[in-house]
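What follows is a set of notes on a single structure, which appears directly below.
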Amino acid sequence: MKTLLSNCNVIDVKNGCGILQKKDLYISDGKIQKITDHGTREIGFDAIDCTGKYVLPGLINMHVHLFGTGKPSKALGGGKAQKRLVAFINTKLGRFVLSKMVEKSAKQMLLSGVTTVRSVGDLCYSDISLKKKIQKNKGGARGLRLLVSGPAVTAPGGHGDGTFAISAQEPEELKKIVRNIVDEGADLIKICVTGGVMDAKKRGEPGEVKMTAEQVKAVCDEAHRLNKKVAAHVQSKNGVRIAALNGVDTIEHGATFDEESLAEIKNRSGAMILTYSPALPNALLSHEVTKLNELCMYNSKVVMEQMTLGAAQLEREGVKVGLGTDSSCPLCTQYNTWLELVYYCAQTGASSAQAIKKATLTNAEILGIDEITGSVEEGKSADLLIVNDNPLSDLKTLKNPFVVIAQGRVLKNPRPKRIRPVEEQLEKLAEVMQK
Ligand SMILES: [Zn+2]
């Protein structure tokens, strides 16, 4: 497929998100072949008139679970409903339903302008199977660049144990789990060092430490030996310390850092991935909407504040901070990545330009794929999001893309399927945040 994006405004994320006006973009073989001033015309290209439109790199979502929709559900909170669901997923029919579900989620991501997704904990290797399908150029998520972790790894009783995580006590057993996951085709290893908001027991302590230093080190050593990076779910300062001092590459969600942890993560060229999308709605909306109890809501607020403080510490030291959504969590849909940018600006005082750069080039740098994607440049993969208005003046235009292009595959008039009751709540919240 050969495509010409004619007469567009290009957002140059490499240079302060400056706007290059009246450009023509020639796309073939999945790549941006040429960017010229508007007016040239080569034959054989299917032209899309982009007069007045803005072209930016496709968004990169660093923290995704593909198994859910983001609709609040009791099954996410544990208990009997969750047990029944897990039992179902382990049947043949359940696996089939799961594979469809995961593919649908990935498609929603694409339709919402996300062209690269890093999955960090999915059930039954369903994310890895989907990646293999996409690599064969099959199914509704064709074109999506997917980096996959397979199931997460934790200690018995850790976050996600029995659902999206596999657990073991002994370091040698943990290493064996890592080898198996890598054998299945994982690009990275995800671990859960601390508990989360949904399984916290104490008010003010969402990130109770669940893995020992020895366990974390065993996983990281084995993953690094196999050339894989380790992403760790961490939601407390103690958890950050154990993760940072024992080899973790990216701290997911995050909290504040002590001096030694900060130095370690900096030395390792590590990063932290902010995920405001679950924390913020769950802290600020009523429990009738979130279906969470008071403890969860209080702890969501703690997470939100701690991750903001941690990110500020890292950025002062020049350590990279990326953005993800934690989609599948309550109120974290597969199609609202743009809201993470809005929340990030509201919580940190960053500009729209800084948020866009983070969700594209910075995320690509953290993944080590910035030579391939993350900016609109000749020679890079044609991973593009085209919107109707200038996103630097209003991020809301990202919500309804004009066209999405993923590795050259053109999706015209992309319309993700929105979950209406969730949308109504998030809309209100976004309005408050943008004031
Ligand atoms: Zn997560």
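The values are calculated or read from the model by the stated rules, or taken from the named source; none is laboratory data. None of the values given here were measured: they were computed from a predicted structure. Virtual Cβ from ideal backbone geometry, glycine too; neighbours counted across all protein chains shown.
Summary of computed values
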| read-out | value |
| --- | --- |
| Selection status of Y335, in a loop (DSSP other than H, G, I, E, B), assigned by TED's automatic domain parsing to the domain that holds V117 and touching a strand residue (DSSP E or B) at 6+ places or on another chain (Cβ under 9 Å) | yes |
| Spans of strands (runs of 3 or more DSSP E) in the stretch 43-106 with at least 2 residues assigned by TED's automatic domain parsing to the domain that holds D326 and within 16 Å of the ligand (Cβ to nearest atom) | 59-64 |
| Condition broken by M297, with the remaining ones in (1) outside any loop (DSSP other than H, G, I, E, B); (2) touching a Pro at 6+ places or on another chain (Cβ under 9 Å) satisfied | (2) |
| The stretch 194-220 residues that are part of a loop (DSSP other than H, G, I, E, B) and away from the ligand (no atom under 14 Å from the Cβ), paired with ones that are at pLDDT below 85 and not polar (S, T, N, Q) (beta carbon under 6 Å, 6 or more apart) | A200/P206 |
| Looking only at the stretch 209-236, and only at residues there that are under 22 Å from the mean Cα position of the chain (by Cα) and among the basic types (K, R), the one that is nearest to V193 (Cα to Cα) | K229 |
| Some residue of the stretch 233-244 being without any contact (Cβ under 8 Å) to a residue 40 or more places away in the chain and surrounded by fewer than 24 Cβ atoms within 10 Å (Cβ to Cβ) | yes |
| Filtered residues of the stretch 319-331 (kept if within 12 Å of the ligand (Cβ to nearest atom) and at pLDDT 95 or above) | G324, T325, D326, S327 |
| So A244, is it closer than 18 Å to K266 by Cα, in contact with a Ser or Thr (Cβ under 6 Å, 6 or more places away or on another chain) and assigned by TED's automatic domain parsing to the domain that holds G162 | yes |
| Matching residues in the stretch 293-312 - criterion: being farther than 19 Å from A231 by Cα and away from the ligand (no atom under 16 Å from the Cβ) | N293, E294, L295, M297, Y298, K301, V302, E305, L309, A312 |
| Check on A346, without any contact (Cβ under 8 Å) to a residue 12 or more places away in the chain, more than 16 Å from the ligand (Cβ to nearest atom) and within 18 Å of M304 (Cβ to Cβ) | no |
| Any helices (runs of 4 or more DSSP H) falling wholly within the stretch 223-291 and containing at least 3 residues that are at pLDDT 95 or above and of a type outside the set (V, I, T) | 237-245, 259-267 |
| Some residue of the stretch 374-389 being more than 24 Å from K31 (Cα to Cα) and either of a type in the set (A, V, I, L, M, F, W, C) or in contact with a Cys (Cβ under 6 Å, 6 or more places away or on another chain) (or both) | no |
| Residue in the stretch 221-246 that is farthest from the ligand (Cβ to nearest atom), counting only those that are in contact with a Lys or Arg (Cβ under 6 Å, 6 or more places away or on another chain) and not acidic (D, E) | N246 |
| Test: residue in the stretch 277-290 that is small (G, A, S), more than 20 Å from E205 (Cβ to Cβ) and in contact with a helix residue (DSSP H, G or I) (Cβ under 7 Å, 6 or more places away or on another chain) | yes |
| Selection count where residues are of a type in the set (S, T, N, Q), touching a Gly at 6+ places or on another chain (Cβ under 9 Å) and surrounded by fewer than 21 Cβ atoms within 10 Å (Cβ to Cβ), scope the stretch 290-307 | 1 |
| Boolean, I405 is under 24 Å from K138 (Cβ atoms) and surrounded by fewer than 17 Cβ atoms within 10 Å (Cβ to Cβ) | no |
| V289 vs. criteria at negative phi and more than 16 Å from the ligand (Cβ to nearest atom) | yes |
| Only listed residue being more than 22 Å from the chain's Cα centre (by Cα), closer than 16 Å to C220 by Cβ and assigned to a helix (DSSP H, G or I), chosen from I177, I181 | I177 |
| Of residues in the stretch 308-332 being among the polar types (S, T, N, Q) and in a helix (DSSP H, G or I), the one farthest from S236 (Cα to Cα) | Q313 |
| Residue in the stretch 117-127 that is farther than 22 Å from I191 by Cα and surrounded by 24 or more Cβ atoms within 10 Å (Cβ to Cβ) present | no |
